[in-house]
Amino acid sequence: MKEEFMKWLEAILPWLLSHGLRIVVILVGAYVLNKIVNKVVEKSIRSAILPANFVSKAAETKREDTLIRIFSGTIKIVIFSIAILMVLSELGLEIGPILAGAGILGLAVGFGGQYLIRDIITGFFMIIENQYRIGDVVNFDGTGGLVEDITLRMTTLRDLDGTVHHIPHGDIKRVANLSKYYARVNLNIRIAYSSNLEHVIAVVNKTGLALAEDPAWKEFIIKPPQFLRVDDFADSAIIIKILGETQPIKQWEVSGEFRKRIKIAFDREGIEIPFPQVVVHQTKTKE
């Protein structure tokens, strides 16, 4: 048994000292090169993205992180693809036929490749134009959610239910970014026709200012929610519009807190929030 092991070791040792050592060097080199390139890409992108007066530091960082993630991921694929081909060569496999076979396969699935190219080109322009970033809340033709990942081919969204949507860039026709630079509190509130409108306006504005001055909320609010206009005369109520500005993605939290506070304020001030009413007339039947 020992003699067989020694023979096997003698046979494999020259291969390990030549090809095996080269494989280790290739894999380690690919890993180190990937790390170095990632650092270079990160430093280059953070230097290349110039600050803008109308863009917050958080928005700039979000865009930089998105670009770094995309370019680093693409370069990683290229580096390790080349490393795998070099390892296969060291294992004695002919790379030429593999590449030729890949070319033939590419021709065979050329029709599907058109969609891949379309996705990549569309994704490239979306990224360059800074339409959205990782961490933004967007809506693609009715599908909305938080952007969790972006590659050159597709974008990954997670909606409020926790469902993950993988959307190829070529299928995106319209992008609605709900969290770029700033967001708005946009509320329509119903009040009774018997309400004193000037009193209502004062209560609304006071409530919005109090919310904006609250230490727990002021960092999220750019402009406090304030009365904008009488938006409509409905069947059973006057509808007033309230508008404010918040930090990105904070509009829902601020809107919810403002609704709570305005209900408390209206109850305290005796301002009625009516609900639709239906009057039913019954006819008396002769017995």
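The values are calculated or read from the model by the stated rules, or taken from the named source; none is laboratory data. On a predicted model such as this, the values are computed, not experimentally measured, just so you know. Counting neighbours? That spans all protein chains shown, and the Cβs are built from the backbone with ideal geometry, glycine included.
Mind checking whether some residue in the stretch 205-214 is in contact with an Asp or Glu (Cβ under 7 Å, 6 or more places away or on another chain), among the aliphatic types (A, V, I, L, M) and not assigned by TED's automatic domain parsing to the domain that holds residue 141? Lay out the reasoning, then the answer.
Residues of the stretch 205-214 in contact with an Asp or Glu (Cβ under 7 Å, 6 or more places away or on another chain): 211.
Of the ones still in play, those that are also among the aliphatic types (A, V, I, L, M) are 211.
Imposing the further condition that a residue be not assigned by TED's automatic domain parsing to the domain that holds residue 141 reduces the set to 211.
Yes, there is a match, as at least one residue in the stretch 205-214 is in contact with an Asp or Glu (Cβ under 7 Å, 6 or more places away or on another chain), among the aliphatic types (A, V, I, L, M) and not assigned by TED's automatic domain parsing to the domain that holds residue 141.
Selection of the stretch 155-171 for residues being of a type in the set (A, V, I, L, M, F, W, C) and either modelled with pLDDT of 90 or more or assigned by TED's automatic domain parsing to the domain that holds residue 62 (or both) yields 157, 164, 167. Against the criterion of being free of Cβ contacts under 8 Å to residues at least 24 places away in the same chain, assigned by TED's automatic domain parsing to the domain that holds residue 197 and of a type in the set (S, T, N, Q), residue 251 does not qualify. Of all residues in the stretch 140-150, those satisfying the criterion of being under 21 Å from residue 58 (Cα atoms) and of a type outside the set (D, E, K, R) are 145, 146, 147, 150. Do the conditions hold for residue 145, that is, is it modelled with pLDDT of 90 or more, surrounded by 18 or more Cβ atoms within 10 Å (Cβ to Cβ) and of a type outside the set (Val, Ile, Thr)? In short, yes. Of all residues in the stretch 115-138, those satisfying the criterion of being closer than 18 Å to residue 62 by Cβ, in contact (Cβ under 8 Å) with a residue 24 or more places away in the chain and of a type outside the set (A, V, I, L, M, F, W, C) are 123, 130, 131, 132, 133, 135, 136.
Among the residues making up the stretch 228-243, those that are surrounded by fewer than 19 Cβ atoms within 10 Å (Cβ to Cβ) and out of contact with any Asp or Glu (no Cβ under 9 Å at 6 or more places or on another chain) are 228, 229, 230, 231, 232, 233, 234, 235, 236, 243.
Filtered by the rule that a residue be exposed (fewer than 14 other Cβ atoms within 10 Å of the Cβ) and in contact (Cβ under 8 Å) with a residue 40 or more places away in the chain, the stretch 187-198 gives 188, 192, 193, 194, 197.
Out of the strands (runs of 3 or more DSSP E) lying entirely within the stretch 106-221, which hold 2 or more residues that are within 30 Å of residue 267 (Cα to Cα)?
Here the list reads 183-191.
If the condition is being of a type outside the set (A, V, I, L, M, F, W, C), under 15 Å from residue 228 (Cα atoms) and in contact with a Pro (Cβ under 9 Å, 6 or more places away or on another chain), then the stretch 238-276 contributes 244, 245.
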